[in-house]
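Below is one structure; the comments refer to it alone.
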């Protein structure tokens, strides 16, 4: 059975090719994954880190496998901006 973050990966994979960034509120992510984010997602920026060794970080694996990385996290506002990646380089649309 795939983990809850597989739903986030699927959502991000469905983004049109011209979309270079996706900004979601924590609440929107919870709707996508159909459950609450852990408290640490609300409290610690490290929870949102892009990690190459993400075996124990299913959330990072989800967005990275979908071809995105976290660009900015606003813990106070409850927002996260993901940007599309292309190999070593990222497309950043601000």
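Just one of the listed residues (82, 26) is surrounded by 14 or more Cβ atoms within 10 Å (Cβ to Cβ) and in contact (Cβ under 8 Å) with a residue 60 or more places away in the chain, namely 82.
Of all residues in segment 1-14 being part of a loop (DSSP other than H, G, I, E, B) and touching a residue at least 24 places away in the same chain (Cβ under 8 Å), which is nearest to residue 84 (Cα to Cα)? Once the filter is applied, the top-ranked residue is 5. Does residue 4 count as surrounded by 11 or more Cβ atoms within 10 Å (Cβ to Cβ), over 18 Å from residue 77 (Cβ atoms) and modelled with pLDDT under 95? In short, yes. Looking at segment 34-49, I want the residues that are at positive phi and in contact (Cβ under 8 Å) with a residue 12 or more places away in the chain and have a partner that is surrounded by 12 or more Cβ atoms within 10 Å (Cβ to Cβ) and outside any loop (DSSP other than H, G, I, E, B) with Cβ atoms under 9 Å, at least 6 apart or on another chain. Which pairs are those? So the pair list comes out as 34/7. Annotation: residue 37 fulfils all but one of (1) touching a strand residue (DSSP E or B) at 6+ places or on another chain (Cβ under 9 Å); (2) under 18 Å from residue 73 (Cβ atoms); the unmet one is (1).
In summary, residue 60 fulfils each of the numbered conditions (1) farther than 15 Å from residue 86 by Cα; (2) assigned to a loop (DSSP other than H, G, I, E, B) with the single exception of condition (2).
The values are calculated or read from the model by the stated rules, or taken from the named source; none is laboratory data. Note that this is a predicted model, so its numbers are computed, not measured. Positions of Cβ are backbone-derived with ideal geometry, glycine not excepted, and every protein chain shown enters the neighbour counts.
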